[in-house]
1. Of all residues in region 188-223, which are at pLDDT 90 or above, outside any loop (DSSP other than H, G, I, E, B) and more than 31 Å from the chain's Cα centre (by Cα)?
2. Report those strands (runs of 3 or more DSSP E) wholly inside region 57-155 carrying at least 2 residues which are within 26 Å of the chain's Cα centre (by Cα), basic (Lys, Arg) and under 24 Å from residue 314 (Cα atoms).
3. Whether any residue in region 135-143 is modelled with pLDDT of 90 or more, within 15 Å of residue 295 (Cβ to Cβ) and charged (D, E, K, R) is what I want to check.
4. Taking interchain pairs and intrachain pairs at least six residues apart, which have beta carbon atoms under 7 angstrom, with the first residue in region 230-246 and in contact (Cβ under 8 Å) with a residue 24 or more places away in the chain and closer than 14 Å to residue 284 by Cα and the second surrounded by 15 or more Cβ atoms within 10 Å (Cβ to Cβ) and of a type in the set (A, V, I, L, M, F, W, C)?
5. From (1) more than 16 Å from residue 190 (Cβ to Cβ); (2) assigned by TED's automatic domain parsing to the domain that holds residue 230; (3) not polar (S, T, N, Q), pick out the condition that doesn't hold for residue 269.
6. Quick check on this structure: which one of 277, 297, 306 is surrounded by fewer than 21 Cβ atoms within 10 Å (Cβ to Cβ) and not assigned by TED's automatic domain parsing to the domain that holds residue 161?
7. Show the residue pairs that are 6+ apart or on different chains and have beta-carbon atoms under 8 Å apart, the first residue being within region 152-177 and touching a residue at least 40 places away in the same chain (Cβ under 8 Å), the second being outside any strand (DSSP E or B) and polar (S, T, N, Q).
8. Mind listing whichever residues of region 46-79 are surrounded by fewer than 17 Cβ atoms within 10 Å (Cβ to Cβ), β-branched (Val, Ile, Thr) and at pLDDT 90 or above?
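The values are calculated or read from the model by the stated rules, or taken from the named source; none is laboratory data. Just so it is clear, the model here is predicted, and its values are computed rather than measured. Reconstructed Cβ throughout: ideal geometry from the backbone, glycine too, with neighbour counts over all protein chains shown.
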Amino acid sequence: MWFVDAGDESAERIDTGIDPRRLLIFREVAARGSLSSAAAALGWTQPAVGQHLRRLERDIGMPLVRRTARGIRLTEAGTALLEHADSIAARLSVASEHMRALRTLRTGRLRLAAFPSACATMVPHVLSRLGSAAPDLDVSLVELEPPEAITAVLAGEVDLALVFHYPGQRAAGEHRDLTAVALLDDPVRAVVAADHPLAADTGSVTGLDLAALANERWVTGCPRCRAYLAALASAAGFRPDTRHSTEDYVVVQKLVAANLAVALLPGLALAAAPDDRVRALPVAGGPLRHISLVHHREAAATPGVRAGVSALLDRARHPPSPIR
């Protein structure tokens, strides 16, 4: 952590109106939910933490937290300030990592986040390549959906995130502090049971007209996926009868295989869990999702991020086949 001793008031600070030490202490309080928990994490006394918080509030000119029986609750000003505190913490984390890499002449670390189907298809190849090319690189992986992955990058909790968005939706990673690199377009298929009347329509030149599935029951997943299905169905002239909801693409295919529903699934999900009891049909208009990688813009120079970006770009040139 980036704190000096709680009682050290001799250190001169630049008069920016906000003491950066107190900003980071406030971030710890916000993350822990109480002064006592923040004090324990910092190894300080609760009065010392409270004193710094009160002085920060005095500098800001507004209350940042409200005390409750269960701890603290952020005010509107506190919520706004926390975003800046997270950004500063992320930049400090990048600076610390960069200096450590220079000091030790090692390649550092890479904390990677990815959504489930990317974890199952693209990431293992990438981790294997990194292990061979940079054996000293300390690599870790956490599975996160795009919104949570973006939050983790902004907070400095991960270095690199694989994310996706659908056409017509806000691109993942649109933030002033982030850099996004396009990787590939993942085709979306209509998935039906192997004995479905349309199952043989895999060789259509134009693809399946989604209106042919207007009377089917549907299973869908994450909010972004549901919104994309709704948009495609609306363009095809119907409203999907969504009966089931799960973000597990294995469960989706099992429901489809049992003739309980039809679905839309992206290619990586189909490649991650092949199921011979379903058929994936190209759809007219070529629906897809855009896959990109995102990192903090200040992290571009760190060795671990550079190695991760290079490995992911290489994998994107040879993605798993989405078609069965």
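1. Across region 188-223, the qualifying residues are 193, 208, 211, 212, 213.
2. Those strands (runs of 3 or more DSSP E) span 109-114.
3. Within region 135-143 (the criterion being modelled with pLDDT of 90 or more, within 15 Å of residue 295 (Cβ to Cβ) and charged (D, E, K, R)), the answer is no, since none of the residues qualifies.
4. Correct list of pairs: 232/210; 236/210.
5. For residue 269, the failing item is (1).
6. Going through 277, 297, 306 in turn, the sole match is 277.
7. These pairs meet every condition: 154/87; 156/93; 159/302; 177/87.
8. Correct list: 75, 79.
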